[in-house]
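Q: Quick one: the structure is below, and I'll ask about it shortly.
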Amino acid sequence: MTTTAYKNSAPFFGTRGLGMALPSLFLLVLFFVVPVIALLLRSVTEPEFGLQNYRELFLTSTYSRVLYNTFLVAGLVTSISLFLGYPVAWLLSVLPPRKSMVIFAIILLSMWTNLLARTYAWMVLLQRTGVINKFLLGYGFISEPLPLVNNLIGVCIGMVYIMLPFIILPMHATLRTIDPAILQAAALCGAGRWQAFRRVLLPLSASGALSGSLMVFVMSLGYFVTPALLGGANNMMLAGMISQLIQSLLNWGLGGAAAFILLSVTLALFAIQMRYFGGSLMGAR
Amino acid sequence: MLLSYDRMGSLKVFLWAITLLICLFLIVPILFIGALSFGSSPWLIFPPPSWTIKWYQQFFSEPRWINAATTSFQIAVVVMVSSVLLGLSASFSIVRGTFPGKFLLRTLFMTPMILPVVVFSVAIYMLFLRIGLGGTFIGFVIAHTILAFPFAFISITNSLERFDKSIEDAAILCGASPIQAVIKITLPSIRLGILSAALFSFLISWDEVVVAIFMASPTLQTLPVVIWGALRQELTPTIAAASSLLVLLTLALIVFAGVFRKSLTR
Amino acid sequence: MSQSFLSVEGFKKTFGDVVAVDNVSLSLSKGEFLTFLGPSGSGKSTTLYAIAGFDIPTEGDIRIEGKSILSIPSHKRNIGMVFQRYTLFPHLTISENIAFPLRVRRRSAAEISARVKEMIALVRLEGFEHRMPSQLSGGQQQRVALARALAYDPPVLLMDEPLSALDKKLRDDLQIEIRRIHQQTGVTILYVTHDQEEALRLSDRIAVFNHGRIEQIGSGTELYRSPKTRFVAGFVGDSNFLRVEQVSAVGRDEAIITMPDGTLFDKIPLQHSLFGATQTCEIMIRPQSIRLAKDDEIGLEVVVLDVTFLGESVSLYLATKWGETLIMRIPERSMIGSLAQKHIRIAWERNESHLFFS
């Protein structure tokens, strides 16, 4: 008695819906997965088969310094952003919507403004004849212009500037979920403000802070534009080194190896973030 | 008391102080660039001796700036369209599909967002060198689409997941074929997600620097590439003009999208 | 079979190992209002969705006017449906929502606007033509959904718990509306609900679902007065169940029962043959059937645990000697003094009670 029944609300274009995803899949595999794997393969096959590229990267001082510098900067930027961003996230989480709207607008605007424009601004501000030095000289705080750019300080300032929104927003999201009544309960139990902060608020907000920090750290590791423009020859970071190795020196083996190191650290940290924090995803630019 | 705004006492002052400083820190450089672009000093002396619009005139008259801007715009438009189309199809597949490995596929779709762009740039630069797509319009579009696609995918998927499929079923019962129901009912219902996807995709392509640096050829340069080149050579105020225009465009697009969104959710 | 308008034959639906619906058969006549009544997960919505075409039966057939509809895709079945979540098209106005099925069927513009007007008048929403769904209340949205489902004059209208998202007063009002619309249009309606009061108010017949099967189909009166299974007895109308120690048949449809405390009652109606009856037997007595036993008749000795005043009736919470509890309901005016903590003897209309075996 059963005739062939018609199933009508199935996704179209066959094979249970997979068909619709094929164009995107092909695009990503052909132009993303394959090239990246090919690049990594080159790192172990050029100039000859083996891990000598990696040995060179880790053992030659020029290259290992870059690795060290990259992690140093990423660490500095992350810590500074964390300390500066936490109070802002805190305030945002307790403010009523109308007051916090302006602050949010500023944060979002700064996030979406062109990266080059923002970095350029700091290049100008920090130069020897720039506003900051002129201000400090003019008021007698210093007698000679400070070297604020083309060095570690410039890179850190510039990167913190970029990364702040990326750490404020997730921390704010976490802080928002904490019920204020918990802190009130802590006060009723007799905890002073510092104690309540240390024993209650900090642990509860730790996951948001750590998750945001991890994200900022990962982004800082792979950043290209800002360190290249604001840093000097002595503080080249991984991304800049990869670019130079390949574009200028055409050393695909070493470049590929450096890229693989960056890639694997990024993936490892991301895996940690997914596992422990169910991380949200933001891009590295 | 730590999380109750009215009972925070002196803590409030401390938090406000830092927040205001940070807000200044965030906004002043942008405003500064805007001011600089009107200053007459070619060495970016601030405060400038006088005000002028010649940097903007220079921007609009010099071929390298205008061509780059046009190129950027063209690429961004094509990227926007292709990213949204791919995002739509991928989204429907993931949200409605019943095939195994959905989670893996979904993760794959997000990877361009996670991995450092420089690695992708180098890899695709290598590929394009081999197949002759380096420095071509198509090459740019492909690379930028890959970068923009995850954002489009996430935005549309969020909207689609929130969409109540019973509404689509109701349309089918009303007599619309499944495809008709999607076109007439589902797509209009998720238009906010599609709009966000389009906006993100456009901005990501428009602002994109790293891939562009690798992809650019003397004949095909996007605006960020020209700015980048100029930044490494000399810090002329024309860059300030270009940057301010970039900021204004972004701002305009976001405001426009906001207004558009308001009118859609009347 | 040829007289029935809509028929379901041997419908079975499995999801993997889970049998959601097992061998359900029913038939509706044209213009009838049939309700699927049952708890969640009993298979009533699954059956409804199969009729709509959203699920393919694992076994069985569904026919309208004698012809199987299984091979027809949902959008060609010409069936109207109202869902629990209003499912109005959010980006279209009320008029556009109602016009949508007509547009899809390529009716002329004049025909469409006339019909839309008619439907809006039918559900009494004049003046709301240009509003958006988000501007309407839940009850109003449901009326629009109804108008949209009826706009193209479907032979069958399916309704899946359309009122359960609304509050009580609104539900009552809309029930009256639905009944009025049914009488006015004469459309055949299949209604799903878990609320037995709603089922009793709206339907011509009710099919009681439990664990994927229909336990009984009949009018509300039939289900109330002659429940065939223990489940139906407990689900439709208020009921008390008391354990019975011993049952002895007297003739073919009467029995003498012995309660656990030894009290004997005769002239108890017996529906099923006692042969093959398994272990337990229960007697079902409606709270309204219970009264105080007269001095010269056999009564069950109970203790009054609590008395609750409910307005037009009084509810007494009683306990038997062997510890089972039951509820007795009497009209307020027949309340005799204060009965709390008193020992009383109760009796009931014998022919209103039922025996169930399991």
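The values are calculated or read from the model by the stated rules, or taken from the named source; none is laboratory data. Keep in mind that what you see is a predicted model, and the values were worked out from it rather than measured. Note that we place each Cβ from the backbone using ideal geometry, even for glycine, and neighbour counts take in every protein chain shown.
Q: From the list A:ALA117, A:ALA173, A:ALA191, which residue is closer than 29 Å to B:LEU3 by Cβ and either in a helix (DSSP H, G or I) or touching a strand residue (DSSP E or B) at 6+ places or on another chain (Cβ under 7 Å) (or both)?
A: None of the others qualify; the one that does is A:ALA173.
Q: Under the condition of being among the aliphatic types (A, V, I, L, M) and more than 7 Å from every other protein chain (Cβ to nearest Cβ), which residue from the stretch B:175-187 is nearest to C:ASP153 (Cα to Cα)? Working first, answer last.
A: At the first step, the residues of the stretch B:175-187 found to be among the aliphatic types (A, V, I, L, M) are B:176, B:179, B:181-183, B:185, B:187.
Those left that are additionally more than 7 Å from every other protein chain (Cβ to nearest Cβ): B:181-183, B:187.
Values: B:ALA181: 20, B:VAL182: 24, B:ILE183: 25, B:LEU187: 27 Å.
Step by step, filter the stretch B:175-187, then rank; the result is B:ALA181.
Q: Right, another one. So which of C:ALA165, C:ALA151, C:ALA110 ends up being more than 25 Å from the chain's Cα centre (by Cα), surrounded by fewer than 21 Cβ atoms within 10 Å (Cβ to Cβ) and either closer than 28 Å to C:LYS44 by Cα or without any contact (Cβ under 8 Å) to a residue 24 or more places away in the chain (or both)?
A: C:ALA110
Q: Something else about it: Within the stretch A:247-255, does at least one residue satisfy the condition of being at the interface with another protein chain (Cβ under 10 Å from one of its Cβ atoms), assigned to a helix (DSSP H, G or I) and within 18 Å of the chain's Cα centre (by Cα)? Quick ask: steps written out before the conclusion?
A: From the stretch A:247-255, those at the interface with another protein chain (Cβ under 10 Å from one of its Cβ atoms) are A:247, A:252, A:255; that's our starting set.
Those still in the list that are assigned to a helix (DSSP H, G or I) too: A:247, A:252, A:255.
Then keep just the ones that are within 18 Å of the chain's Cα centre (by Cα); that gives none.
Scanning the stretch A:247-255 turns up no residue that is at the interface with another protein chain (Cβ under 10 Å from one of its Cβ atoms), assigned to a helix (DSSP H, G or I) and within 18 Å of the chain's Cα centre (by Cα).
Q: Taking the stretch B:1-34 as the region of interest, how many residues are free of Cβ contacts under 8 Å to residues at least 12 places away in the same chain and under 29 Å from A:ARG118 (Cβ atoms)?
A: Within the stretch B:1-34, residues that are free of Cβ contacts under 8 Å to residues at least 12 places away in the same chain and under 29 Å from A:ARG118 (Cβ atoms) number 17.
Q: Can you tell me how many residues in the stretch B:188-197 are in contact (Cβ under 8 Å) with a residue 40 or more places away in the chain and more than 10 Å from chain C (Cβ to nearest Cβ)?
A: The total comes to 5.
Q: Please state which of the following conditions B:VAL211 fails to meet, knowing it meets all the rest: (1) touching a Phe, Trp or Tyr at 6+ places or on another chain (Cβ under 9 Å); (2) closer than 24 Å to A:VAL124 by Cβ; (3) among the aliphatic types (A, V, I, L, M); (4) in a helix (DSSP H, G or I).
A: In the conditions (1) touching a Phe, Trp or Tyr at 6+ places or on another chain (Cβ under 9 Å); (2) closer than 24 Å to A:VAL124 by Cβ; (3) among the aliphatic types (A, V, I, L, M); (4) in a helix (DSSP H, G or I), B:VAL211 misses (2) alone.
Q: Something else: Inside the stretch C:314-358, can you point out the residues that are more than 31 Å from the chain's Cα centre (by Cα), charged (D, E, K, R) and at pLDDT 85 or above?
A: C:LYS321, C:ARG345
Q: Examine the stretch A:64-82 for a residue that is assigned to a helix (DSSP H, G or I), at the interface with chain B (Cβ under 8 Å from one of its Cβ atoms), surrounded by fewer than 22 Cβ atoms within 10 Å (Cβ to Cβ) and of a type in the set (A, V, I, L, M, F, W, C), and state whether such a residue exists.
A: No - not one qualifying residue is present in the stretch A:64-82.
Q: State the number of residues belonging to the stretch C:245-272 that are in a strand (DSSP E or B) and either hydroxyl-bearing (Ser, Thr, Tyr) or modelled with pLDDT of 90 or more (or both).
A: Number of matching residues: 2.
Q: Could you check C:HIS91 against (1) part of a loop (DSSP other than H, G, I, E, B); (2) closer than 27 Å to C:ILE69 by Cβ; (3) within 9 Å of chain B (Cβ to nearest Cβ); (4) of a type outside the set (A, V, I, L, M, F, W, C) and say which number it fails?
A: (2)
Q: Moving to a separate point now. Mind checking which pairs have a first residue in the stretch B:134-159 that is away from every other protein chain (no Cβ under 11 Å) and a second that is of a type in the set (D, E, K, R) and surrounded by fewer than 21 Cβ atoms within 10 Å (Cβ to Cβ), Cβ under 9 Å, 6 or more apart or different chains?
A: These pairs meet every condition: B:THR157/B:ARG106; B:SER159/B:ARG191.
Q: Return yes or no: is A:ARG176 touching a helix residue (DSSP H, G or I) at 6+ places or on another chain (Cβ under 6 Å), within 10 Å of chain B (Cβ to nearest Cβ) and surrounded by fewer than 20 Cβ atoms within 10 Å (Cβ to Cβ)?
A: Yes: the conditions hold for A:ARG176.
Q: If you don't mind, another one. Mind counting the residues in the stretch B:231-244 that are in a helix (DSSP H, G or I), more than 9 Å from chain A (Cβ to nearest Cβ) and either surrounded by 14 or more Cβ atoms within 10 Å (Cβ to Cβ) or in contact with a Cys (Cβ under 7 Å, 6 or more places away or on another chain) (or both)? Show your work before the answer.
A: Keep residues of the stretch B:231-244 that are in a helix (DSSP H, G or I), which gives B:231-233, B:237-244.
Applying the additional criterion that residues be more than 9 Å from chain A (Cβ to nearest Cβ) yields B:233, B:237-238, B:241.
Keeping just the survivors that are either surrounded by 14 or more Cβ atoms within 10 Å (Cβ to Cβ) or in contact with a Cys (Cβ under 7 Å, 6 or more places away or on another chain) (or both) gives B:237-238, B:241.
Summing the residues that are in a helix (DSSP H, G or I), more than 9 Å from chain A (Cβ to nearest Cβ) and either surrounded by 14 or more Cβ atoms within 10 Å (Cβ to Cβ) or in contact with a Cys (Cβ under 7 Å, 6 or more places away or on another chain) (or both) in the stretch B:231-244 gives 3.
Q: Now for a separate question. Suppose we filter B:ALA176, B:ALA148, B:ALA123, B:ALA181 for residues that are of a type in the set (A, V, I, L, M) and surrounded by fewer than 24 Cβ atoms within 10 Å (Cβ to Cβ); which single one remains?
A: After ruling out the rest, the residue left standing is B:ALA176.
Q: Only one of B:ILE124, B:ILE66 is assigned to a helix (DSSP H, G or I) and farther than 27 Å from B:LEU235 by Cα. Can you tell me which? Walk me through how you get there before you give the answer.
A: On the way: B:ILE66 fails: farther than 27 Å from B:LEU235 by Cα.
After ruling out the rest, the residue left standing is B:ILE124.
Q: For A:LEU92, are the conditions met, namely being facing chain B (nearest Cβ under 9 Å) and within 28 Å of B:HIS144 (Cα to Cα)?
A: Answer is no for this residue.
Q: Got a number for residues in the stretch A:176-188 being assigned to a loop (DSSP other than H, G, I, E, B) and of a type in the set (Lys, Arg)? Working first, answer last.
A: Taking the stretch A:176-188 and keeping what is assigned to a loop (DSSP other than H, G, I, E, B), we get A:178-179.
Going one step further and asking which of them are of a type in the set (Lys, Arg), we end up with none.
Of the residues in that region, 0 qualify.
Q: Applying the selection to the stretch A:29-43, what residues are out of contact with any helix residue (DSSP H, G or I) (no Cβ under 6 Å at 6 or more places or on another chain) and either modelled with pLDDT under 85 or closer than 14 Å to B:LEU105 by Cβ (or both)?
A: Residues of the stretch A:29-43 out of contact with any helix residue (DSSP H, G or I) (no Cβ under 6 Å at 6 or more places or on another chain): A:29-30, A:33-34, A:37-38, A:41.
Within the stretch A:29-43, A:VAL29, A:VAL33 meet the criteria.
Q: So if I check each of B:ALA68, B:ALA17, which one is crowded, with 20+ Cβ neighbours inside 10 Å and more than 8 Å from chain A (Cβ to nearest Cβ)? Walk me through how you get there before you give the answer.
A: Numbers: B:ALA17 fails: crowded, with 20+ Cβ neighbours inside 10 Å.
Result: B:ALA68 is the single residue among B:ALA68, B:ALA17 that is crowded, with 20+ Cβ neighbours inside 10 Å and more than 8 Å from chain A (Cβ to nearest Cβ).
Q: Select from the stretch B:119-133 the residues that are more than 9 Å from chain A (Cβ to nearest Cβ) and in contact (Cβ under 8 Å) with a residue 24 or more places away in the chain and list them in ascending order.
A: none
Q: Of all the residues that make up the stretch C:73-107, how many are in contact (Cβ under 8 Å) with a residue 24 or more places away in the chain, surrounded by fewer than 20 Cβ atoms within 10 Å (Cβ to Cβ) and on the phi > 0 side of the Ramachandran plot?
A: 1
Q: Quick one: how many residues across the stretch B:74-105 are more than 14 Å from every other protein chain (Cβ to nearest Cβ) and more than 23 Å from B:ARG191 (Cβ to Cβ)?
A: Total meeting the criteria: 2.
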